[in-house]
Amino acid sequence: MFLNCRNTVVLVAASIWVAGCSPKSPSGTTAAESAAPAAEPAAPAIAAPPAAPAPDLGETLTAHRWQLESATDGSGQSLQALFPGPANRLGIEFVDGQLGVTGGCNRLGAGYQLLEPAQLQIGPGRSTMMACPPPLAAADAAIAKFLTGTLQAELQGEADAPVLRLSAADGAVLTFNGQPTPETRFGGPGVRAFLEVSPEPCEPPAPAERPCLKVRDRMFDEQGLPSGTPGEWRALPEGIEGYTPVAGEQHVVRVKRFESPGTAGDAPTVHYVINMIVETRTVQ
């Protein structure tokens, strides 16, 4: 049987033409895979911002005054004895290695050291021996009992509003809100001074945050005895921070004097902060 050579040539040519018109695919892929769009490159990972450094415990303690906010015993029950009343809110402060209690009746204090990790070791306590009303006496006893031995110390809250949490071995927990000390606010240690406050009224030239006071400078020697001649009486329209006059009493107070630079050539602004009342005299 003989083949038709002309038809064979046509069939071979058609096969070649079909093969030439088919889309070429890379080795190992199909035509559909080759036609798919390329995948978008992965977005570069965004690095997280570095964490803010933890506040230094020692520096934070001394840069703030700490006011008692809450107190619970080992069972989670409130220690009500530590809250004698709104006029006497207990607090603590840390100055030159010494811890002092504020807001109570007697002046309580003790030396302290910071231990790792975040422990507050408190030395033997000391106290004045004033007779106090029962609520204040109970508050003094309760805070003195807590501030002994070694306490766990933890800072919480934000840097501009820190919270100090102190925990005792028996499970009692006290939390304190921190407020910047005058030294922190005014950027310096201040100067110690003594002022005698007159019971006579003082009219301020303009509304002020604190009561206007009539005061004069006083001086004391190293033994705490009066010395020199008292200064002239003068008005103190801005008053003394932390001090409230008492009707029928005349006081000599120890204060810290701070100066803030004046603006636009004005004189520096003087600010007084109460440290303690050193003399009290009853007046009629």
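Just so you know, all these numbers are worked out from the coordinates, no wet-lab data involved. Note that this is a predicted model, so its numbers are computed, not measured. Glycine also receives a Cβ, built like all others from the backbone with ideal geometry; neighbour counts cover every protein chain displayed.
For the stretch 193-204, the Karplus equation 6.51 cos²θ - 1.76 cosθ + 1.60, evaluated at θ = phi - 60°, returns couplings of 8, 10, 10, 9, 9, 7, x, 5, x, 9, 8, x Hz by residue, with Gly and Pro reported as x.
Under 5 Å between amide H atoms, partner at least 5 residues away or on a different chain: which partners does ASN275 have, H built in plane at 1.01 Å? Under 5 Å from the amide H of ASN275: ARG254, VAL255, LYS256. Take 102-108, 207-213 and order them by the average number of nearby Cβ atoms within 10 Å per residue, most first; the result is 102-108, 207-213. Label-to-label distance, GLU203 versus THR148, with points set 7 angstrom from Cα along the beta-carbon direction: 5.6 nm.
Here the label points at ALA161 and ASN88, each 7 Å from Cα along the C-beta direction, are separated by 2.9 nm in the simple model. On full extension, the segment bounded by ASP56 and ALA169 gains 38.3 nm, given 0.36 nm per residue less the C-alpha separation. Backbone geometry of the stretch 233-247 corresponds, through the Karplus equation with coefficients 6.51, -1.76 and 1.60 at θ = phi - 60°, to 3J(HN,Hα) couplings of 5, 8, 7, 10, x, 7, x, 10, 4, x, 10, 10, x, 10, 4 Hz, x marking Gly and Pro.
Working from Cα pairs under 8 Å separated by at least six residues, relative contact order for the stretch 153-201 is 22 percent. Sorting the segments 137-145, 246-254 by their mean number of nearby beta carbons within 10 angstrom, highest to lowest, gives 137-145, 246-254.
Amide H contacts of ARG65: GLN179, THR181, each under 5 Å away and 5 or more positions distant or on a separate chain (H built 1.01 Å from N in the peptide plane; Pro and chain starts excluded).
Amide hydrogen proximity for LEU213: with H placed 1.01 Å from N in the peptide plane, the residues at 5 or more positions away or on another chain lying under 5 Å are LEU236, GLY239. Each residue, THR229 and ARG281, gets one label point 7 Å from its Cα in the Cβ direction; the gap between the two is 1.8 nm.
Among 60-66, 159-165, sorting by the average number of other beta carbon atoms lying within 10 angstrom of each residue, highest first, gives 60-66, 159-165.
With θ taken as phi - 60° and the Karplus curve 6.51 cos²θ - 1.76 cosθ + 1.60 applied, the whole-hertz 3J(HN,Hα) list for the stretch 72-77 is 9, 8, x, 9, x, 7 Hz, x standing for glycine and proline.
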